[in-house]
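As structure tokens, the structure follows; a few thoughts come after it.
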Amino acid sequence: MYRNIIRPLLFLLQPETVHHLIVNLLKIGFKIPGIAYFVSKSFQIKDNRLKTSFLGMELDNPVGFAAGFDKNAEVYNQFSNFGFSFIEIGTVTPKAQPGNQKPRSFRIPADKGLINRMGFNNKGVDYAVNQLKNKNHKVIIGGNIGKNTTTSNEDALNDYVTCFEKLYNHVDYFVVNLSCPNIKDLRKLQDKDSTITILNKLTELRRERKPYKPILLKISPDLTDSELDDVIETFNITGIDGIVATNTTVSRENLLTPEKRIKKIANGGLSGKPLTERSTEIIRYITKKSNGSIPIIGVGGIMSTQDALHKLEAGATLIQVYTGFIYEGPAFVKRVNKAILKN
């Protein structure tokens, strides 16, 4: 029903319009008595064989919702009813910012992909904190943190520290986003020295706090093997807890979408099916090079149950979906968990 009726109707609208529509529908719809129960019964699977331990966290299953949808921590509890065991909010920045100029999100259905250059549009860390505090979290919450667009790379450390300190008591783990292609010059912070400086400061701050919250680094799929070796060394040097592999890509290779359309869309990070193989390759590379010592959340191009299984087989302990959920619909998480049980 979703793929044949609902998705074609939604795809008549701009992606960002659909995003706001869904967020508002979730806010309103789940206030109706019985809706949460009906949705959870329809889309959740409760099975002890799916339970997964990761960095001290106990999850009902290994499937989460990637950062980028619930940017402002507004609908994480509603989304938990669709079977996600953890949801990553953000990317959150110290100050509210509008993001890049619209239009900034584009579907390429021929490739089952999305291209976006949102630019960390969000309502700021204080808004997110207000959404998270005084609420019973039904799922594990990750906090994806970044810097404001107007903050220079020289001052970026302060932005990450601000978000880290303000969110610390309200999320279960952190993801440091230095790899988004949609913030001017942000990926320059992926160089080894800059990354180590930021991560060392965050792990230093964590030593002063309880309880312990895991810190993960989200990496780009466009890194070379030598740069991936640097990531492994950075993991060992800084004492962070894991890697999220991967963010969106700037590559436009081997697309079915006409080149004219791709050029018209222009810049942005590509997600979805074109990213599937590369993100899995990176998971496999890091797992092999580190002898399986680095905990990994696998994300990028999970468009089918087989894609999910491949990422787990490559070395990821947890996986996250985003574009696959948009293309495959609300039953996608249930299908993935069923496939994991059968595998």
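The values are calculated or read from the model by the stated rules, or taken from the named source; none is laboratory data. The shown structure was predicted, so the numbers you read here are calculated from the model rather than taken from an experiment. Glycine gets a Cβ as well: all are built from the backbone with ideal geometry, and neighbour counts include every protein chain shown.
Farther than 29 Å from residue 17 by Cβ and surrounded by fewer than 24 Cβ atoms within 10 Å (Cβ to Cβ): is that true of residue 318 in this structure? Break it down into steps so the answer makes sense when it comes.
Working: farther than 29 Å from residue 17 by Cβ: yes; surrounded by fewer than 24 Cβ atoms within 10 Å (Cβ to Cβ): no.
Taking the combined requirement at face value, the residue does not satisfy it.
If we keep just the residues of the range 248-261 that are touching a residue at least 40 places away in the same chain (Cβ under 8 Å) and surrounded by fewer than 17 Cβ atoms within 10 Å (Cβ to Cβ), which is nearest to residue 109 (Cα to Cα)? Working first, answer last.
Residues of the range 248-261 that are touching a residue at least 40 places away in the same chain (Cβ under 8 Å), as a first pass: 248-250, 255-257, 261.
With surrounded by fewer than 17 Cβ atoms within 10 Å (Cβ to Cβ) added as a condition, the list becomes 250, 256, 261.
Values: 250: 18, 256: 9, 261: 12 Å.
So, considering only residues that are touching a residue at least 40 places away in the same chain (Cβ under 8 Å) and surrounded by fewer than 17 Cβ atoms within 10 Å (Cβ to Cβ), the one nearest to residue 109 (Cα to Cα) is 256.
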Conditions (1) touching a helix residue (DSSP H, G or I) at 6+ places or on another chain (Cβ under 9 Å); (2) surrounded by fewer than 18 Cβ atoms within 10 Å (Cβ to Cβ): number failed by residue 204: (1)
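Sort through 292, 272 and tell me the only one that's surrounded by 21 or more Cβ atoms within 10 Å (Cβ to Cβ), at pLDDT 95 or above and at positive phi. Lay out the reasoning, then the answer.
Working: 292 fails: surrounded by 21 or more Cβ atoms within 10 Å (Cβ to Cβ).
Result of the check over 292, 272: 272.
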Can you confirm whether the range 94-107 contains a residue that is more than 14 Å from residue 144 (Cα to Cα), among the aliphatic types (A, V, I, L, M) and without any contact (Cβ under 8 Å) to a residue 60 or more places away in the chain? yes
Contact list please: Cβ distance under 8 Å, first residue in the range 146-160 and in contact (Cβ under 8 Å) with a residue 24 or more places away in the chain and under 17 Å from residue 126 (Cβ atoms), second residue among the aromatic types (Phe, Trp, Tyr) and not in a loop (DSSP other than H, G, I, E, B), pairs at least six apart or on different chains. 146/160; 147/160
Consider residue 324 carefully, then state whether it is among the small types (Gly, Ala, Ser), assigned to a helix (DSSP H, G or I) and without any contact (Cβ under 8 Å) to a residue 60 or more places away in the chain. yes
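Output the strands (runs of 3 or more DSSP E) that fall wholly within the range 1-92 and possess 2 or more residues being more than 17 Å from the chain's Cα centre (by Cα), or say none.
Numbers: elements: 52-54, 57-59, 63-65, 86-92.
By residue number, 52-54, 57-59.
When you check residue 74 against the structure, is it crowded, with 24+ Cβ neighbours inside 10 Å and at pLDDT 95 or above, yes or no?
Working: crowded, with 24+ Cβ neighbours inside 10 Å: no; at pLDDT 95 or above: yes.
When the stated conditions are applied, residue 74 does not pass them.
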Whichever residue in the range 124-173 is closer than 30 Å to residue 46 by Cβ and among the polar types (S, T, N, Q) and, among such residues, is surrounded by the fewest Cβ atoms within 10 Å (Cβ to Cβ): 136
Residue count, the range 17-45 (criterion: of a type outside the set (Val, Ile, Thr) and under 30 Å from residue 215 (Cβ atoms)): 3
Screening 126, 185, 159, 172 for residues that are acidic (Asp, Glu), farther than 30 Å from residue 11 by Cα and modelled with pLDDT under 95 leaves only 185
Would you check which residues across the range 289-310 are over 15 Å from the mean Cα position of the chain (by Cα) and under 16 Å from residue 218 (Cα atoms) and list them? 294, 295
